[in-house]
Amino acid sequence: MANFDEILQDLKDNALDLIKSTLLDFKDQATEDVNEFLNSSKDKLERWATGLAKGELTKEDFKWLLESQKDLLVMNGLKQAGLAKIQIDKFKNAIINMVVDTVVDKVL
């Protein structure tokens with residue numbers, strides 16, 4: 001498996017690309033929220049990515065574990081900026097899918 005710090009940086013880079021394409025007007029708030037989530041979830045993400053790389057978890061297991069963490073993706077900055085809840089929920093789903101795709105691409 002690749003160095004997890006490299007994977008984490010790729011996640012942050014990919015999140016920034018997603019933010020630029022979906023929430024450009026809220027770029028600063030979304031970037032702060034996503035980085036906070038990724039940093040606070042780093043240990044779990046690394047453990048799950050290792051399990052995925054070793055074949056102990058399937059892609060579906062990995063995605064389910066990430067979905068269980070969706071509530072931790074608080075998005076305080078986006079809420080304070082006045083973004084509608086439905087837009088925040090769509091963005092959270094997009095972030096979860098991006099994390100799954102990036103980690104699967106890096107470890108499998």
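Tell me which residues, restricted to the stretch 37-64, are in a helix (DSSP H, G or I) and surrounded by 16 or more Cβ atoms within 10 Å (Cβ to Cβ).
So the first thing to find is which residues in the stretch 37-64 are in a helix (DSSP H, G or I), and the list is 37-40, 42-53, 59-64.
Answer for the stretch 37-64, where residues must be in a helix (DSSP H, G or I) and surrounded by 16 or more Cβ atoms within 10 Å (Cβ to Cβ): Phe37, Leu38, Leu45, Glu46, Trp48, Ala49, Gly51, Leu52, Ala53, Phe62, Lys63.
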Conditions (1) in contact (Cβ under 8 Å) with a residue 40 or more places away in the chain; (2) surrounded by 13 or more Cβ atoms within 10 Å (Cβ to Cβ); (3) not basic (Lys, Arg); number of the one not met by Asp28: (2)
Yes/no for Lys20 being at pLDDT 95 or above, loosely packed, with under 14 Cβ neighbours inside 10 Å, assigned to a helix (DSSP H, G or I) and not acidic (Asp, Glu): yes
Matching residues in the stretch 65-88 - criterion: being loosely packed, with under 13 Cβ neighbours inside 10 Å and without any contact (Cβ under 8 Å) to a residue 24 or more places away in the chain: Ser68, Asp71, Gly82, Ala84, Lys85, Ile86
Residue within the stretch 74-85 that is in a helix (DSSP H, G or I) and within 22 Å of Phe4 (Cβ to Cβ) present: no
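Considering only the stretch 3-48, how many residues are among the hydroxyl-bearing types (Ser, Thr, Tyr) and under 17 Å from Val103 (Cβ atoms)?
Residues of the stretch 3-48 that are among the hydroxyl-bearing types (Ser, Thr, Tyr), as a first pass: 21-22, 31, 40-41.
Filter once more, so that each one left must be under 17 Å from Val103 (Cβ atoms): 40-41.
Number of matching residues: 2.
The values are calculated or read from the model by the stated rules, or taken from the named source; none is laboratory data. Since the structure is predicted, the reported quantities are computational estimates derived from the model, not experimental observations. Methodologically, a virtual Cβ is constructed for each residue, glycine included, from the backbone with ideal geometry; neighbour enumeration extends over all protein chains shown.
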